[in-house]
Amino acid sequence: MTESTQSVPAPQDVAGPASGDSPDQVDVDDLPGGLPAALEAILMVAESPVPAERFAAAVARPTAEVHAALTDLAQEYQGADGARPRGFELRRGAEGWRFYSHRDLTDVVARFVLEGQSSRLSQAALETLAVVAYRQPVTRGQVSAVRGVNVDGVVRTLLARNLVAEVGQDPSTGAVLFGTTGEFLDRMGWSSLDELPPLAPHLPGVEALGGLEDLGVD
């Protein structure tokens, strides 16, 4: 009994079939391109950032191995070891790994996306989003005070696009407080708000905006 018990690998050392999978699940090493190609295939169909744990479950490999493979792919796309730099990047954001267009090609992508498109954020929405990002948690009244206009409709747009979310209530006024979301960070290619450019000193402090909730937008 002792020998048979010692021969069983510890659960954290192996990645068995996911629940519901058959015991003869295909080993990704037997597929064209192996593990890296399998991860790329998942990334190509993913509609949102994918955590390493979800990759690991899909390919039946330990999370640490998957994380290392994703890191190697990211470096390869950047041109490591003489590889051709790609027009896209693989980056790890707040909610997982995702393909992004290369930062250096932003102008090219912007011309393509903006030409004839109506789904992009308006200037008003971008300005409102910036105020929320730098001064969160913040109320609509406080955002309005910074921008000088009513932002009720713009905030609804940002909520619908999952770029901002309700994060609580102001203890003194009961007004809804807003902050940015993980989706916002991932769209920007950041892992945390610490990566925001140092623009905050140019915006009035939230503490200076008290008593402005009578703007009728909260």
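Of a type in the set (Lys, Arg), open to solvent by less than 60 Å² (accessible area, probe 1.4 Å) and outside any helix (DSSP H, G or I) - does that describe any residue in the stretch 118-140?
No, the conditions are met nowhere in the stretch 118-140.
I'd like the full set of residues that are of a type outside the set (D, E, K, R) and either on the phi > 0 side of the Ramachandran plot or open to solvent by 20 Å² or more (accessible area, probe 1.4 Å) (or both), limited to the stretch 71-97.
71, 75, 78, 79, 80, 82, 83, 85, 87, 88, 94, 96 - these are the residues of the stretch 71-97 that are of a type outside the set (D, E, K, R) and either on the phi > 0 side of the Ramachandran plot or open to solvent by 20 Å² or more (accessible area, probe 1.4 Å) (or both).
Report, ordered by the first and then the second residue, all pairs with beta carbons closer than 9 Å, sequence separation of six or more or different chains, a first member in the stretch 101-127 that is at pLDDT below 60, and a second member that is not in a helix (DSSP H, G or I).
From the stretch 101-127, the pairs are 114/120.
Kindly check whether there is at least one residue in the stretch 38-59 that is assigned to a loop (DSSP other than H, G, I, E, B), in contact (Cβ under 8 Å) with a residue 12 or more places away in the chain and touching a helix residue (DSSP H, G or I) at 6+ places or on another chain (Cβ under 6 Å). Write out each step before concluding.
Applying the first criterion (assigned to a loop (DSSP other than H, G, I, E, B)) to the stretch 38-59 yields 46-49, 51.
If we keep only those that are in contact (Cβ under 8 Å) with a residue 12 or more places away in the chain too, we end up with 46, 48-49, 51.
With touching a helix residue (DSSP H, G or I) at 6+ places or on another chain (Cβ under 6 Å) added as a condition, the list becomes 49.
The answer is yes, given that some residue of the stretch 38-59 is assigned to a loop (DSSP other than H, G, I, E, B), in contact (Cβ under 8 Å) with a residue 12 or more places away in the chain and touching a helix residue (DSSP H, G or I) at 6+ places or on another chain (Cβ under 6 Å).
For the stretch 173-187, give me each residue that is touching a Leu at 6+ places or on another chain (Cβ under 7 Å) and hydrophobic (A, V, I, L, M, F, W, C).
The one that is touching a Leu at 6+ places or on another chain (Cβ under 7 Å) and hydrophobic (A, V, I, L, M, F, W, C): 184.
Might you let me know whether the stretch 85-103 holds any residue that is within 15 Å of residue 188 (Cα to Cα), part of a helix (DSSP H, G or I) and out of contact with any Cys (no Cβ under 8 Å at 6 or more places or on another chain)? Reasoning before the result, please.
Narrowing the stretch 85-103 to residues within 15 Å of residue 188 (Cα to Cα): 88-103.
Within this subset, residues satisfying the condition of being part of a helix (DSSP H, G or I) are 103.
Add one more test, that the residue is out of contact with any Cys (no Cβ under 8 Å at 6 or more places or on another chain), and what stays is 103.
Yes, the conditions are met somewhere in the stretch 85-103.
With the checklist (1) closer than 27 Å to residue 98 by Cα; (2) at pLDDT below 75 in hand, flag the one item residue 200 doesn't pass.
Just one mismatch for residue 200, condition (1).
The values are calculated or read from the model by the stated rules, or taken from the named source; none is laboratory data. Keep in mind that this is a model prediction, so the values were computed, not measured. Here Cβ is always computed from backbone atoms with ideal geometry, including for glycine, and neighbour counts include all displayed protein chains. In case anyone asks, the SASA skips ligands and DNA or RNA and just uses the protein heavy atoms, side chains included. Shrake-Rupley method; radii C 1.70, N 1.55, O 1.52, S 1.80 Å.
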